[in-house]
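Here the structure is laid out as structure tokens; the discussion comes afterwards.
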Amino acid sequence: QVQYVESGGGLVQPGGSLRLSCAASGFIFSSYVMIWYRQAPGKERELVAVITSAGDRSTFADSVKGRFTVSRDNAKNTVYLQMNSLKPEDTAVYYCKRRPRPGASWENDLWGQGTQVTVSA
């Protein structure tokens with residue numbers, strides 16, 4: 001059974017930093033691209049960051065480029081999101097998920113509970 005457990009969220013002032021973690025289980029973690037998403041109140045879920053299975057390349061949404069970094073520890077089945085220079089518009093629930101392999105519709109997993117990030121003075 002595939003499971004995602006996100007943690008590390010909280011309340012932070014603008015300009016602050018947080019490091020999110022996502023522990024995954026139920027699949028061969030090191031074989032999959034991992035993606036961080038977020039969903040702000042009243043908005044659709046959006047992609048934030050993508051990291052390759054080996055952790056050697058990453059891409060980011062324009063809104064977080066230069067402020068967020070993503071990393072992973074395949075030995076711990078965990079992916080991280082380091083968020084710096086946080087802005088109020090970063091307030092959202094953050095989730096992680098693997099990217100399904102092409103044609104593997106059964107790999108469209110259920111979402112974890114997410115972790116709430118609130119950026120406010």
* Structure fact -> Here the residues of the stretch 70-100 lying in the modelled label zone of S30, meaning backbone nitrogen under 11 Å from a point 7 Å along Cα-to-Cβ, are 74-77
* With N set to the residue count of the stretch 60-121, report its C-alpha Rg divided by 2.2 N^0.38 Å to two decimal places. => 1.32
* Asked: How big is the accessible area of S7 in square angstrom, nearest 10, if you roll a 1.4 angstrom probe over the protein chains?
  -> 60 Å²
* **Long-range Cα-Cα pairs in the chain (distance over 26 Å), rounded percent** => 15 percent
* Asked: Rounded to the nearest 0.05, what FRET efficiency do S7 and T59 have when you use their Cβ-Cβ distance and R0 = 30 Å?
  -> 0.80
* Within the chain: Cβ-based charge dipole about Cα centre, in debye rounded to nearest 20 (Lys, Arg +1; Asp, Glu -1) -> 140 debye
* Using a basic spin-label model with each label point 7 Å from the Cα along Cα→Cβ, how many nm lie between T52 and Q82? -> 1.9 nm
* Structure fact -> Largest-first ranking of K87, K97, K43 by accessible area, probe 1.4 Å, whole protein assembly kept, is K43, K87, K97
* Structure fact -> Rh_Kirkwood(the stretch 1-54) over Cα pairs, Å, one decimal, evaluates to 13.2 Å
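The values are calculated or read from the model by the stated rules, or taken from the named source; none is laboratory data. A quick note: this is a predicted structure, and the numbers were derived from the prediction, not measured. When we count neighbours, we look across all protein chains shown, and the Cβ atoms used for this are built from the backbone with ideal geometry, even at glycine. To get the accessible areas, we keep the full protein, side chains included, count just its heavy atoms, and leave off ligands, DNA and RNA. Shrake-Rupley method; radii C 1.70, N 1.55, O 1.52, S 1.80 Å.
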